[in-house]
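Notes follow the structure.
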Amino acid sequence: MIRIFLAIEGAVNRLIGHAASIFLVVAAASAFFQVITRFVFEQPSTWSEALTRTCLIWMVFLGITIAFRHGALVAVDLLYRSVSGAWRETLRKFITLNSVVLLGVILWFGVAMTWRVRFQTLAGLEISIGWAYAALPVGAFFSLLAVIAHYLDHRAAEPGSVELEGAAG
């Protein structure tokens, strides 16, 4: 059962990595477009700044999933390397529990905020600002899966022991 969960989570994580990369490319392209229209043509675009900001938000909240999966954000390397045995497992559980609590709070309040702002429009894009806020609960949900997968994947028990295979390509 754990092996199936890890396989599914790995496939989802690869898709999320590709999606985060696409958001980065779109953000860079729209920011470049904004610079060209503002400083070369002296006619600033009304939509490109909002698109850049929204894409960057989505990129961060999706990309953080990969970091959680590999323990890159929550690893306290010095402390982790200085303890062993039961203390190391206790530290892993402590880090996992705190990550799950934090992501649960982000998920809970992200859903509430997305629901609350659903009728407001994003200036320049004329879409619901809820689409930008939705990055919080979506990113938190997939990050929760990544934290659980990191904990269950015994290959990832040592900081830096799992390569970032498939994360970006």
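The values are calculated or read from the model by the stated rules, or taken from the named source; none is laboratory data. Because the structure is a prediction, the values reported are computed rather than measured. Reconstructed Cβ throughout: ideal geometry from the backbone, glycine too, with neighbour counts over all protein chains shown. With ligands, DNA and RNA removed, areas are computed over all heavy atoms of the protein, side chains included. Shrake-Rupley method; radii C 1.70, N 1.55, O 1.52, S 1.80 Å.
Worth pointing out:
- Complete set of residues in the range 56-67 that are open to solvent by 20 Å² or more (accessible area, probe 1.4 Å) and under 18 Å from residue 133 (Cα atoms): 56, 57, 58, 59, 60, 61, 63, 64
- Whichever residue in the range 1-50 is of a type in the set (S, T, N, Q) and within 28 Å of residue 144 (Cβ to Cβ) and, among such residues, is surrounded by the fewest Cβ atoms within 10 Å (Cβ to Cβ): 21
- Any hit, the range 86-103, residues being exposed (fewer than 14 other Cβ atoms within 10 Å of the Cβ), modelled with pLDDT under 90, farther than 21 Å from residue 16 by Cα and polar (S, T, N, Q): no
- Taking every residue in the range 1-16 that is part of a helix (DSSP H, G or I) and pairing it with any residue that is of a type in the set (Lys, Arg) and open to solvent by less than 60 Å² (accessible area, probe 1.4 Å), at least 6 positions away or on another chain, the pairs with Cβ-Cβ distances below 9 Å are 9/69; 10/69; 13/69.
- Residue 53 being of a type in the set (D, E, K, R), touching a residue at least 60 places away in the same chain (Cβ under 8 Å), in contact with a helix residue (DSSP H, G or I) (Cβ under 9 Å, 6 or more places away or on another chain) and surrounded by fewer than 19 Cβ atoms within 10 Å (Cβ to Cβ): yes
- Exclusive hit being over 21 Å from residue 132 (Cβ atoms), in a loop (DSSP other than H, G, I, E, B) and more than 17 Å from the chain's Cα centre (by Cα), set 84, 45: 84
- Listed by first and then second residue, the pairs linking a residue in the range 112-126 that is surrounded by 13 or more Cβ atoms within 10 Å (Cβ to Cβ) to a residue that is of a type outside the set (A, V, I, L, M) and in a loop (DSSP other than H, G, I, E, B), with Cβ atoms under 6 Å apart and 6 or more places separating them unless they lie on different chains, are 124/46; 124/47; 125/47.
- Among the residues making up the range 129-145, those that are without any contact (Cβ under 8 Å) to a residue 24 or more places away in the chain and open to solvent by 30 Å² or more (accessible area, probe 1.4 Å) are 129, 133.
- Residue within the range 21-36 that is of a type in the set (A, V, I, L, M, F, W, C) and under 13 Å from the mean Cα position of the chain (by Cα) present: yes
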